[in-house]
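Okay, so here's the structure we're looking at.
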Amino acid sequence: MPIPSARCLLGALPLMAALLLGGLSAEAREMKGWSIHADDYPVNLGMQRFADAVARVTKGRDTARVHPSGQLAPQNAVLDKLRTGEIDFAEIGIVGYGDHVPALKVLGLPYIFHDSTQMFSLLDGALGELLATELEKVDVILLGWYDGGTRNFYHRDRKLAKIADFRGEKLRVGQTQTHIEMVRSLGAQPVTLAFKDVYAGLERGEIDGAENNLPSYESMGHYKLAPHYTFTQHLVTPEMLLFSKKSWQQLSPQEQAQLREAGRESARFMREEWNRRVKDIQARLSKQGVQFHAAGDHGPLMRRMKPLYESFWSAKDPVSRQVVALILANLSASAAR
Ligand code: BDP
């Protein structure tokens, strides 16, 4: 039998120490968290809160780091990397991900929620649980519903309020079929671009405008090139704090329970940070020359969305139909109040 060299033994010391300290199955590691946003964005503040909980819950055996601005992987690769465990946790929006879980697509429909409060009244209850079960089927654990706010259209040189304003305009949307059809139904030309490429798209004139919530419009600097922001309020969407099932299985049941609570707590914190950020954003952007426009009656825009809703009434997937039913029941209950 070859005798191991002193160098070889020295190299093995950290591993031996880790095994002695942490037990055989629990290897110390730094968990990787993915976010498309910058460090000071409400999403990342919520994720950091969760990352701190990882170290606390595992009593320092594991740590977690939030990697900002999509540095770890391109946005469309995140779900796969969560499945393989290359990324341990991530915060993603519905834009671009609904396609993996059919029932999630319903949440990407225009004009189904009027604000985040109503949306969370559903997601913090039966609807949220139903979707969490669906997500688990694609190997991700839902730990928190974050706020994606209200999305509105913006344009380089004018407001987009009436159907006639949209005609022929090149408007960026994410890689989501429903949103591509939404822009097409308004008579505009959908252009799919990754979030990080929207600024350059505006600069190069590939697009005339886009749509997003106010915090993203500000943080990505889109307001500098497209200073007309119209409150079309066509989408109110949630975002999700997701954990890789593969990484999850390496945690003890007690750690899992504590991290579930930490996920919910990070979502509560994120929503507060979001509201704080949104509060004075209009005043700040007005000073930078942004013009805000009311959209007036949303009826004509909404009516154009009819074909988009139709496919969901007859969805083959029974879970999608259940999601539609839960949203409608909530709407009729709030109308009765
Ligand atoms: C931002 C969302 C992010 C989306 C992005 C987009 O936080 O998840 O990917 O919009 O429009 O508001 O692509």
Q) Quick one: in the stretch 182-207, which of the residues that are crowded, with 20+ Cβ neighbours inside 10 Å and of a type in the set (V, I, T) is nearest to the ligand (Cβ to nearest atom)? A) V198
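Of the residues V66, V57, only one is more than 13 Å from the ligand (Cβ to nearest atom) and under 22 Å from K196 (Cβ atoms); which?
Working: V57 fails: under 22 Å from K196 (Cβ atoms).
Within the list V66, V57, the selection yields V66.
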Q. Within the stretch 199-244, how many residues turn out to be within 22 Å of the chain's Cα centre (by Cα), closer than 20 Å to G187 by Cβ and acidic (D, E)?
A. 1
Q. What helices (runs of 4 or more DSSP H) completely inside the stretch 289-337 contain at least 2 residues that are over 26 Å from L186 (Cβ atoms)?
A. 318-336
Q: Inspect all residues belonging to the stretch 269-283 and state whether any of them is over 23 Å from the mean Cα position of the chain (by Cα) and surrounded by fewer than 18 Cβ atoms within 10 Å (Cβ to Cβ).
A: yes
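Got a number for residues in the stretch 161-180 being away from the ligand (no atom under 16 Å from the Cβ) and either surrounded by 23 or more Cβ atoms within 10 Å (Cβ to Cβ) or not small (G, A, S) (or both)? Before you say what the answer is, go through the steps one by one.
At the first step, the residues of the stretch 161-180 found to be away from the ligand (no atom under 16 Å from the Cβ) are 161-169.
Imposing the further condition that a residue be either surrounded by 23 or more Cβ atoms within 10 Å (Cβ to Cβ) or not small (G, A, S) (or both) reduces the set to 162-163, 165-167, 169.
Looking only at that region, the number is 6.
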Q.
I'd like to verify a number: residues in the stretch 91-107 that are more than 10 Å from the ligand (Cβ to nearest atom) and either more than 15 Å from L135 (Cβ to Cβ) or at pLDDT 95 or above (or both), how many?
A. 0
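The values are calculated or read from the model by the stated rules, or taken from the named source; none is laboratory data. Remember, predicted model here, so these are calculated numbers, not experimental data. Heads up, the Cβs are rebuilt from the backbone with ideal geometry, glycines too, and the neighbour counts pull from every protein chain shown.
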